[in-house]
Amino acid sequence: MRKNGGAMKKADIKTYKERLLALRARLRGDVSQMADAALNRNRTDATGDLSSMPIHMADLGTDNFEQEFTLSLMQNEGDTLERIEAALQRIEEGNYGLCEECGVRIPKTRLNAIPFASLCVKCASELEK
Ligand SMILES: [Zn+2]
C-alpha cells in the first residue's frame with residue numbers, strides 16, 4: 001500500500017476517521033441531542049491539537065466555527081452525509097486532508113472543526129465569494 005508522500009500520519013487519520021464515523025452516526029440519529037451538544041459544547045475537544053497555534057484566534061475561531069457548523073449541519077443533513085462519505089472515501093484512497101482544489105494539506109485546526117472538509121481555508125473562502 002502506497003500513500004501520498006505528504007499525507008497524514010496513520011494515527012491522525014485514524015482519529016479523523018473515528019470522528020467521521022461518530023459524526024455520521026449522530027447525523028443519522030438524534031438531531032436534537034446534537035443541537036444540545038453544539039450549544040453546550042465544551043471547548044476542550046475542539047482545541048485538542050492547538051498547542052502550536054497562537055491561542056487567541058485559533059481558540060475562538062474554532063469554537064464559533066464548529067458551533068455554526070454543527071447548527072448548519074442540521075439544516076443540511078443529506079449534503080453533509082454525502083460529504084462525510086466522500087471524506088471516508090478519501091481516507092481509503094490515502095488523500096484525506098489534502099485540498100481538492102490546490103492540493104495543500106488542510107490544517108488540523110480546520111479538520112478538527114470540520115473533519116470532512118475537502119478544501120483548505122483559502123480555497124473555501126474563494127468559493128464563498
Ligand atoms: Zn486549497
Of everything in segment 84-107, what is farther than 16 Å from K9 by Cβ and within 14 Å of the ligand (Cβ to nearest atom)? Give them in sequence order.
C99, E100, E101, C102, G103, V104
For R110, the lone unmet condition from (1) within 16 Å of the ligand (Cβ to nearest atom); (2) under 21 Å from L27 (Cα atoms); (3) at pLDDT 95 or above; (4) not aliphatic (A, V, I, L, M) is (3)
Q67 is checked against (1) modelled with pLDDT of 90 or more; (2) open to solvent by 30 Å² or more (accessible area, probe 1.4 Å); (3) not acidic (D, E) and fails just one. What number does that condition carry?
(1)
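The values are calculated or read from the model by the stated rules, or taken from the named source; none is laboratory data. Since this is a predicted model, take the numbers as computed values, not measurements. Ideal geometry is used to build each Cβ from the backbone, glycine not excepted, and the neighbour counts take in all protein chains shown. Accessible surface areas use protein heavy atoms only, side chains included; no ligands, DNA or RNA. Shrake-Rupley method; radii C 1.70, N 1.55, O 1.52, S 1.80 Å.
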